[in-house]
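In what follows, a single structure is set out as structure tokens and then discussed.
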Amino acid sequence: MAAKFPDFLVTKLDWVANLGRANSLWPMPFATACCGIELMATASSRYDIARFGAEAMRFSPRQCDLMIVAGRVVMKMVPVMQRIWQQMPEPKWCISMGACASSGGVFDTYAVVQGIDRFIPVDVYVPGCPPRPEQLLRAVIDLQEKVRRTGTIDAREFADRKTYEGPANLARQIAPEDTMMVPGDFTTATRLRD
Amino acid sequence: MTAWQTKLTETFGDACKFETFRDNIRCDVRTERFLEVMKNLRAQGFDLLLDVTGIDYLHYPKAADRYGVVYSLVNTESGERAYIKVRLNDPDPAVPSVYSIWKGCDWMERETYDMFGIVFEGHPDLRRILMPEEFTSFPLRKDYPLRGRGERHNFPTVLRSDG
Ligand code: SF4
């Protein structure tokens, strides 16, 4: 639709849309572990995420535009996380909250994914174990800034991000004879090569 | 010697070897007589099966067998506890299920099977309980690498433009 309007008008439309979106983010709380407790604290009266317009947490991804992944994600959860991400309507953003969601944290084991950015795109990372509510609020403010600066009314800024943006493969940490090379899909990804 | 220990020794002779460490009484049972021993203990009042878990003795100093399965039993009337251990070996570590004696062993045996690959013969529904069903390894075995074989990152990626 953007192509039909002259540039200056599109810019104004973007600005209006960003104003609305940035000040009314609807988080989807994907809380899988202890960070979720801190996420709840952020929403409660003392820290009050409502001051930043992001208090409307909805447990249906179809009504949300900000996914907050709070906690470690295990490989059994990866397809679920991706499904929920894909069910959210564009434009949407993702905050990776805590050491575990961002990097696996101390759980460098066979089941725990070493950072959710290997599987879904992440906009803001929040360090800490768990991050304090102030840090999460800061992440929301940073994300609002990002929306205001880069957002567009028809979410066209996402369309050309067609390459993988996550970290490099961890396969080098595993001895080659231990590596499993079956190309992954959801039914065979944990199978060993014959 | 407690009463149940004396009774076990009388009935099973040297199929039960006892060991005491800080008031914990452990009993090492020969695999052939295992189910009989458990039935005997149940009849003597050990009515609660607290836990079933496995041990992999690979690289363990002076270990003769590869696997151990440990059962913790409690007599809820007298408060006595007993730790029963059986030893198993490759290629197919298998032990009779105690499902006929304590129904509560159901998920604990499934977990032990999931993590160690120990087969509980006679279990009504021996499936994986924690790992995905198509998983083929047994992750708590000592010859399985801590970080896995790359399974955890072997999934398709969602790109930003996929939406
Ligand atoms: S980062 Fe810390 S608090 Fe957050 S999920 Fe991981 S272990 Fe729990």
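Is it true that A:Ala17 is assigned to a helix (DSSP H, G or I) and either within 14 Å of chain B (Cβ to nearest Cβ) or within 16 Å of the ligand (Cβ to nearest atom) (or both)?
Here the answer is no, as A:Ala17 does not meet what is asked.
Would it be correct to say that B:Phe120 is more than 9 Å from chain A (Cβ to nearest Cβ) and either of a type in the set (Ser, Thr, Tyr) or within 30 Å of A:Gly115 (Cα to Cα) (or both)? Let's see the steps before the verdict.
Values: more than 9 Å from chain A (Cβ to nearest Cβ): yes; either of a type in the set (Ser, Thr, Tyr) or within 30 Å of A:Gly115 (Cα to Cα) (or both): no.
So B:Phe120 fails the test.
Return the residue satisfying two criteria in turn: it lies in region B:35-53 and is out of contact with any helix residue (DSSP H, G or I) (no Cβ under 9 Å at 6 or more places or on another chain) and not in a strand (DSSP E or B), and of such residues it is most open to solvent (accessible area, probe 1.4 Å).
B:Lys39
Cβ contacts < 6 Å: first residue more than 7 Å from every other protein chain (Cβ to nearest Cβ), restricted to region B:142-163; second residue surrounded by 18 or more Cβ atoms within 10 Å (Cβ to Cβ), any location; separation 6+ or different chain. Result?
Pairs found: B:Lys142/B:Asp56; B:Tyr144/B:Ser137.
Considering each residue of region A:128-153, count those that are more than 17 Å from A:Val69 (Cβ to Cβ), of a type in the set (S, T, N, Q) and either within 16 Å of the ligand (Cβ to nearest atom) or in contact (Cβ under 8 Å) with a residue 12 or more places away in the chain (or both), and give that number.
Adding up the residues that qualify gives 2.
Only one of (1) touching a residue at least 60 places away in the same chain (Cβ under 8 Å); (2) away from chain B (no Cβ under 11 Å) fails for A:Glu90. Which number is that?
(2)
Any idea how many residues of region A:20-46 are surrounded by fewer than 17 Cβ atoms within 10 Å (Cβ to Cβ) and more than 16 Å from the ligand (Cβ to nearest atom)?
Selection size over region A:20-46: 6.
Can you tell me which of B:Glu111, B:Glu134 is open to solvent by 20 Å² or more (accessible area, probe 1.4 Å), within 17 Å of the chain's Cα centre (by Cα) and either away from every other protein chain (no Cβ under 11 Å) or more than 12 Å from B:Val52 (Cα to Cα) (or both)?
Answer to the check: B:Glu111.
For region A:65-87, give me the residue count where each residue is open to solvent by 60 Å² or more (accessible area, probe 1.4 Å) and either within 16 Å of the ligand (Cβ to nearest atom) or in contact (Cβ under 8 Å) with a residue 40 or more places away in the chain (or both).
The qualifying residues number 2.
Residue-wise test of (1) exposed (fewer than 15 other Cβ atoms within 10 Å of the Cβ); (2) out of contact with any Ser or Thr (no Cβ under 7 Å at 6 or more places or on another chain).
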position	(1), (2)
B:Asp65	no, yes
B:Ser78	yes, yes
B:Asp90	yes, yes
B:Tyr99	no, yes
B:Pro124	yes, yes
B:Tyr144	no, no
B:Ser161	yes, yes
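Looking at (1) crowded, with 19+ Cβ neighbours inside 10 Å; (2) within 16 Å of the ligand (Cβ to nearest atom); (3) within 27 Å of B:Glu151 (Cβ to Cβ), find the lone condition where A:Phe119 falls short.
So A:Phe119 meets the others, but not (2).
The values are calculated or read from the model by the stated rules, or taken from the named source; none is laboratory data. Fair warning: this is a prediction, and the values are worked out from it, not measured in the lab. When we count neighbours, we look across all protein chains shown, and the Cβ atoms used for this are built from the backbone with ideal geometry, even at glycine. Each accessible area value is taken on the protein alone, full model and side chains, heavy atoms only, with ligands, DNA and RNA left out. Shrake-Rupley method; radii C 1.70, N 1.55, O 1.52, S 1.80 Å.
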